[in-house]
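Trainee: Mind having a look at this structure? Questions to follow.
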Amino acid sequence: MLEETRRKIDDIDSEIVTLFEKRMDAVNEIARIKKAHNLAIFDTDREKTVIENAQNRLKNPEYKMAVAEFFQHMMQTTKTYQRQIIKK
Ligand SMILES: O=C(O)C(=O)C[C@]1(C(=O)O)C=C[C@@H](O)C=C1
């Protein structure tokens, strides 16, 4: 039972990694554009939109807070990554 559900999570995680990599490629592209045009990495309005989009796409409203947290953490990660590559 536990093992079966964990296999389900492993399969889902595999899809998440594929999508994460695609998203990071886009973030990388954005970092290069921001560097070229001397734009700030942090964009509050855009982050609000990203979170609202995620919340509006949910089927189960019980996950609203969790999905907001998830995206906030992810954008923390993408900002750190952008700062690293912009420094280079
Ligand atoms: O859209 C941007 O400008 C990005 O840099 C991408 C991204 C994101 O991960 O979605 C990251 C940092 C910004 O604060 C907003 C959004």
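The values are calculated or read from the model by the stated rules, or taken from the named source; none is laboratory data. Only a predicted model underlies this, so the values are computations on that prediction, with no experimental measurement involved. Heads up, the Cβs are rebuilt from the backbone with ideal geometry, glycines too, and the neighbour counts pull from every protein chain shown. Side chains included, ligands, DNA and RNA excluded: accessible areas come from the protein's heavy atoms. Shrake-Rupley method; radii C 1.70, N 1.55, O 1.52, S 1.80 Å.
Trainee: With springs only between Cα atoms under 10 Å apart, run a GNM on the chain and tell me which of E62, E52, E21 wobbles the most.
Mentor: Highest fluctuation among the options: E62.
Trainee: Quick one: with all protein chains in place, what share of the accessible area of segment 2-87 is carbon or sulfur, to the nearest percent (1.4 Å probe)?
Mentor: That fraction is 54 percent.
Trainee: Also, quick follow-up: Which whole-percent values make up P(r) of the chain when all C-alpha to C-alpha distances are grouped in 5 Å steps starting at zero?
Mentor: 3, 12, 17, 20, 19, 12, 8, 5, 2, 1, 0
Trainee: Keeping every protein chain present and rolling a 1.4 Å probe, give me the accessible area per residue for the chain in Å².
Mentor: Per-residue accessible area for the chain comes out at 85 Å².
Trainee: Given R₀ = 41 Å, FRET efficiency for E47-L2 by Cβ-Cβ distance, to 0.05?
Mentor: 0.70
Trainee: How do V50, V17 rank by accessible surface area computed with a 1.4 Å probe, from largest to smallest?
Mentor: V17, V50
Trainee: Between K87 and E69, what is 0.36 nm times their sequence separation minus the Cα-Cα distance? Round to one decimal in nm.
Mentor: Length difference between fully extended and current span is 3.7 nm.
Trainee: Pairs of Cα atoms under 8 Å, at least six residues apart: use those to get the relative contact order of the chain, whole percent.
Mentor: 33 percent
Trainee: Using a simple spin-label model with points 7 Å from Cα along the Cα→Cβ vector, what separation in nm is obtained for D13 and N60?
Mentor: 1.9 nm
Trainee: For each pair in K8/K48; K8/K88; K22/K64, compute the distance between the two Cα atoms and list the pairs where it is over 28 Å.
Mentor: K8/K48; K8/K88
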